[in-house]
Amino acid sequence: MKKYFLVSSFYFLVSLATVAMAQESRRGWEKGPLTWSDFAPMNESIGAEHSYLEYVLDIEQRKDEVNGLEMRTRTAVLYVDRKMSWVDTHYRTPQELLYNQVAFNIAELHRRRLQVVIDTGGTVNMGYYTRLLSYEVDSFCHQTYYGADTAAVAWWDWEVRRQMDSITPIMVEQHQKANTIEKITPQFLMAFNLGGGTKLFAGDMHKLFVPSGGMYFDFEGGLWRHLFVMGFYIGGGRCRPDSVDNIRSIDKLYATDRLTTIDFYINYGFAAIDAMRWCVTPFVGYGLQGFLYDDEVYSESGGPTEGCWRAGVDVKYHLGADDEYIGNSLTRFLCSAHGKVYLSFDRFKSIVGSPTGATINVQLGFSLGMREMKLRRAIKKDEN
């Protein structure tokens with residue numbers, strides 16, 4: 001009996017030691033940024049890979065007590081296998097550590113998405129989630145040339161952290177945010193905007209002309225959030241039927257009631273919202289606005305010689321983007337839906353009676369642009 005007790009105690013202690021060692025070899029994302037103590041040292045690399053991070057995404061069954069009642073819950077877990085993760089000791093640099101941290105952040109992003117599915121009662125297919133995670137990490141490794149492209153690594157870090165911070169799991173404990181890149185600073189922007197619009201007349205001109213429809217073309221350039229736009233609008237319009245007789249009665253005849261409206265303008269705006277998808281820019285500007293029409297001897301009159309101030313808001317929604325990395329710079333090519341609304345204050349001296357008022361301009365179209373950005377990083381140095 002005594003011998004049996006000693007053998008049982010021995011196996012019990014061995015089991016405890018095995019569990020403790022297994023727990024020691026695991027390292028959760030919520031423990032903070034990775035350090036080189038999480039990697040086994042090696043004296044050589046494998047091809048272009050100077051380090052390797054082994055992680056596991058899984059679901060654990062847990063028992064929680066709420067108000068004296070035992071509840072079973074499922075929790076998505078993520079951890080690093082320290083025994084299987086390794087680093088070439090010649091490449092233990094802050095940049096190489098950041099490369100592995102981003103891979104770990106990608107895995108944490110998928111863990112949070114999986115937890116949301118669990119919490120909302122969705123169907124969980126672990127094979128699908130592990131394959132999806134493996135595919136995205138492989139894409140990250142290849143697009144960054146296994147960490148050699150420092151700008152690409154920094155961009156992935158920023159984008160993954162942005163997505164991580166947007167997910168708020170229902171039943172999962174709060175996690176600290178990743179600690180690397182601070183922000184991306186926009187440098188300059190160039191864009192071409194093209195579309196159609198309408199011009200609604202107010203004041204004295206509302207009595208003379210029906211709304212005009214036409215097209216606009218802009219060239220846009222700027223630094224940081226300061227944007228400058230040069231462009232023109234050309235549209236067709238008509239006189240109101242009751243205004244033709246009034247004009248004829250004062251010996252300023254139209255041979256036809258058809259007319260062409262033309263605007264040339266320069267605007268300055270400041271991007272109040274400059275996000276991944278949206279750019280909202282209030283602006284002010286000055287332009288020349290006028291009409292082209294046939295007078296009583298069939299010659300063109302009333303060209304764009306009337307100066308007017310304008311103010312409004314310009315909105316872009318980025319439909320897609322293509323990124324290119326050169327050093328620490330990111331060039332982003334944008335395709336956007338474009339729209340703007342502005343009010344111009346006018347006085348048309350070339351028209352009889354010099355009518356005053358305003359025009360309300362509404363324009364919708366597309367934009368093709370290029371934005372240059374600088375990647376600013378704040379990498380926490382490893383003390384190990």
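Sequentially through the stretch 214-231, phi angles give Karplus couplings (6.51, -1.76, 1.60; θ = phi - 60°) of x, 10, 10, 9, 10, 10, 10, x, x, 10, 6, 9, 8, 10, 10, 10, 10, x Hz, Gly and Pro residues having no value and appearing as x. Amide H contacts under 5 Å for Glu54: Asp81, Ser85, Trp86, restricted to partners 5 or more places along the chain or on a different chain, H placed in the peptide plane at 1.01 Å from N. For the stretch 114-124, the Karplus equation 6.51 cos²θ - 1.76 cosθ + 1.60, evaluated at θ = phi - 60°, returns couplings of 5, 5, 4, 4, 5, 5, 9, x, x, 7, 9 Hz by residue, with Gly and Pro reported as x. When the charge dipole of the stretch 33-158 is built from unit charges on Cβ atoms (+1 for Lys and Arg, -1 for Asp and Glu) and taken about the Cα centre, the candidate among Ser139, Ile59, Ser37 whose Cα reaches farthest toward its positive end is Ile59.
Each other residue within a Cβ distance under 10 Å of Cys279 adds +1 if Lys or Arg and -1 if Asp or Glu, for a net charge of +2.
Couplings for the stretch 266-271, taken from phi via the Karplus curve 6.51 cos²θ - 1.76 cosθ + 1.60 with θ = phi - 60°, read 10, 10, 10, x, 10, 6 Hz in order; Gly and Pro are left as x.
Just so you know, all these numbers are worked out from the coordinates, no wet-lab data involved. From a predicted model like this one, the values you see are computed outputs, not experimental measurements. Using ideal geometry, Cβ is built from the backbone for each residue, glycine included, and neighbour counts are taken over all protein chains shown.
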